[in-house]
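Enquirer: I have a structure here, written as structure tokens, and I will follow up with some questions on it.
The values are calculated or read from the model by the stated rules, or taken from the named source; none is laboratory data. Computed from a predicted structure; not experimentally measured. With ideal geometry, Cβ positions are generated from the backbone for all residues, glycine too; neighbour counts draw on all protein chains shown. Each accessible area value is taken on the protein alone, full model and side chains, heavy atoms only, with ligands, DNA and RNA left out. Shrake-Rupley method; radii C 1.70, N 1.55, O 1.52, S 1.80 Å.
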Amino acid sequence: MYVHGLGAASAAYHAHIAAHPALVGRRSLFVDLPGHGTSDRPADFGYTLEEHADALGAVLDAAGAGGAELVAHSMGGAVAVALAHRRPGLVSRLVLAEANLDPDPPATAGSSGIARYTEETFVRGGGFEETLDRVGSAWAATMRLADPTALHRSATWLVRGTRPTMRAMLTGLRIPRVYLQGELSGELAGREGLEECGVVVRTVPGAGHVMMFDNPDAFAAAVAGVPQAGRGETAGRPAVLAEDR
């Protein structure tokens, strides 16, 4: 199962990865989180990370895809970690592309910029339009498909995080876990702690936050479990394959 990030859509970010020679022939499931892409926009949905995780779990249940691998980007990574923590039998492996692991991301992060607005100002006072102008054309291309209320609530809960934190949940899991950090994004905070708990941390060369576009070959290799040169890493083979801070 491929899971996108805040204001994104799964197929737009991952279809070319699923079609990569390293992954061809494997079953893939692209999921748009509630309020994003082509998914429903329920007005009574809270859009917390836990509720997003439960929605993913319902999709896997309906697909009969227990023991799935989740390949998840940014906010989607936080949701994937929450799902693996809440329903461990559904998830066999996690591949997390710069997933949010801690609350209160930097003020420069997209989620922080959205959460600075009140919901009323963001939805009906011009905040959504200002955000589309600020994030640039590439991200805006999928963000404009998101429901403004869903986008604001998702960003707000992403900033607040979970209890226990996503990082604590991740380190407590006992399934294969791979964390991908773009070389251009700098050093990963808390890398040693993750590795001590069995998380394989890989640096994607020549890539930033949207590494599936910056270096699709390296990204696909990590999803496929191909060891990184010189590191001797191993990871489980995906069964079912699965952005923003």
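Enquirer: Please specify each residue of the stretch 34-81 satisfying the condition of being modelled with pLDDT of 95 or more and of a type in the set (Asp, Glu).
Expert: Asp40, Glu50, Glu51, Asp54, Asp61, Glu69
Enquirer: Given the condition modelled with pLDDT of 95 or more, in contact with a Lys or Arg (Cβ under 7 Å, 6 or more places away or on another chain) and either outside any helix (DSSP H, G or I) or open to solvent by 10 Å² or more (accessible area, probe 1.4 Å) (or both), answer yes or no: does some residue in the stretch 83-95 qualify?
Expert: Yes: the stretch 83-95 contains one or more residues that are modelled with pLDDT of 95 or more, in contact with a Lys or Arg (Cβ under 7 Å, 6 or more places away or on another chain) and either outside any helix (DSSP H, G or I) or open to solvent by 10 Å² or more (accessible area, probe 1.4 Å) (or both).
Enquirer: Just the residues that are part of a strand (DSSP E or B) and at pLDDT 95 or above, please, taken from the stretch 192-245.
Expert: Val200, Val201, Arg202, Thr203, Val204
Enquirer: In the set Pro21, Pro42, which member is closer than 24 Å to Ala141 by Cα, outside any helix (DSSP H, G or I) and out of contact with any Asp or Glu (no Cβ under 6 Å at 6 or more places or on another chain)?
Expert: Pro42
Enquirer: Could you pull out the residue among Ala65, Ala18 that is among the hydrophobic types (A, V, I, L, M, F, W, C) and closer than 21 Å to Gly208 by Cα?
Expert: Of Ala65, Ala18, the one residue that is among the hydrophobic types (A, V, I, L, M, F, W, C) and closer than 21 Å to Gly208 by Cα is Ala18.
Enquirer: Scan the stretch 27-77 for residues that are closer than 18 Å to Pro216 by Cβ and open to solvent by 50 Å² or more (accessible area, probe 1.4 Å) and report the count.
Expert: 1
Enquirer: In the stretch 131-147, is there at least one residue being within 18 Å of the chain's Cα centre (by Cα) and within 21 Å of Val81 (Cβ to Cβ)?
Expert: No, that holds for no residue.
Enquirer: Within the stretch 118-129, take every residue that is part of a helix (DSSP H, G or I) and loosely packed, with under 15 Cβ neighbours inside 10 Å and give me the one that is nearest to the chain's Cα centre (by Cα).
Expert: Only one residue tops the list, namely Glu129.
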